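Remarks on the structure that follows.
The values are calculated or read from the model by the stated rules, or taken from the named source; none is laboratory data. The shown structure was predicted, so the numbers you read here are calculated from the model rather than taken from an experiment. Cβ sites come from the backbone with ideal geometry, for glycine too, and all protein chains shown count toward neighbours.
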Amino acid sequence: MPDNSVITPMPDSIRFDEGSHPRAKIGYVLLATEQTVQDDVIRLRPPGVGIHFTRAAIADSITNESLSAQADLLADCASSLLPDGSLDVVCYACTSGSLVIGEERVFTELNRGAPDAQATSLITGVIRALKTLQARRIVIATPYLDEVNQREVDYLEQAGFEVISICGLNLEKDSDMVRVPRTTSPSLRSRRTTPMPMRFLFPAAHYARWMSSVKSKHARVSRRFAATRR
């Protein structure tokens, strides 16, 4: 028998406040192989904003086929993020996956799982940022296979940009991409031997950990940089 003498009766009413994250609650659907976005998002989180993560299954292979297969997983992943319906934004945190699947399909699937949240994706943020900066002609650096790079070129050109060049490391494994050092981005750029009137260099991946070195590169080459996480 429980000892009721140690149990304090509950108050007649409980008052609730706005909780730990009154400003916003943002959910991210990451790839199962992802190793850098979570650290970056937590570091950049504004006060009062809650960050929540879930992961979509994928093998250690980033190809058009494996990225396309993500579409069927997004709804279930999104549904696991704050199922009480309090999520404000849900984001598919994969630039290449977003453009291979297409933003419209990504939003549809995310909202199947989180119908009350505003759906977005990393490629959506990239396009908005480039347009805000009035970028038109861009150069892209990626770690991806050429088949993924071609899809990226096609998608951004359909969005109204002129892709002057895209340079990739032709890597397939996510586990290799996360070990690319931040010094690789300038090396990719130096492979261009023909001068070109470029305004923006767009590192289209989180893998090379370029985010923390964007400022130093800006100083070295006197160019604007638009950065995203994969």
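Got a sec? Which of Ser121, Ser98 is under 14 Å from Gly27 (Cα atoms), polar (S, T, N, Q) and either crowded, with 23+ Cβ neighbours inside 10 Å or in contact with a Lys or Arg (Cβ under 6 Å, 6 or more places away or on another chain) (or both)? Quick ask: steps written out before the conclusion?
Values: Ser98 fails: under 14 Å from Gly27 (Cα atoms).
Result of the check over Ser121, Ser98: Ser121.
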Looking at Ser79, is it touching a Ser or Thr at 6+ places or on another chain (Cβ under 6 Å), free of Cβ contacts under 8 Å to residues at least 60 places away in the same chain, among the hydroxyl-bearing types (Ser, Thr, Tyr) and outside the structural domain of Tyr155 (by TED's automatic domain parsing)? no
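Given the options Asp88, Asp72, name the one that is among the acidic types (Asp, Glu), out of contact with any Gly (no Cβ under 7 Å at 6 or more places or on another chain) and in contact (Cβ under 8 Å) with a residue 40 or more places away in the chain.
Working: Asp72 fails: in contact (Cβ under 8 Å) with a residue 40 or more places away in the chain.
Every option except Asp88 fails the conditions.
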Go through (1) surrounded by fewer than 18 Cβ atoms within 10 Å (Cβ to Cβ); (2) in a helix (DSSP H, G or I) for Arg182 and report which single condition fails. (2)
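Residue under question is Thr132, and the condition is that it be touching a Cys at 6+ places or on another chain (Cβ under 6 Å) and either closer than 27 Å to Gly48 by Cα or assigned by TED's automatic domain parsing to the domain that holds Ser66 (or both); does it hold? If you could, list the steps in order and put the result at the bottom.
Numbers: touching a Cys at 6+ places or on another chain (Cβ under 6 Å): no; either closer than 27 Å to Gly48 by Cα or assigned by TED's automatic domain parsing to the domain that holds Ser66 (or both): yes.
No; evaluated as a whole, the condition is false for this residue.
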Of Ile42, Ile14, the only residue that is surrounded by fewer than 21 Cβ atoms within 10 Å (Cβ to Cβ), in a helix (DSSP H, G or I), of a type in the set (Val, Ile, Thr) and without any contact (Cβ under 8 Å) to a residue 60 or more places away in the chain is Ile42
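Only one of these is touching a Phe, Trp or Tyr at 6+ places or on another chain (Cβ under 8 Å) and either among the aromatic types (Phe, Trp, Tyr) or within 19 Å of Arg112 (Cβ to Cβ) (or both): Thr36, Thr54. Name it.
Thr54
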Out of His21, His52, report the one residue that is part of a loop (DSSP other than H, G, I, E, B) and surrounded by 12 or more Cβ atoms within 10 Å (Cβ to Cβ). His21
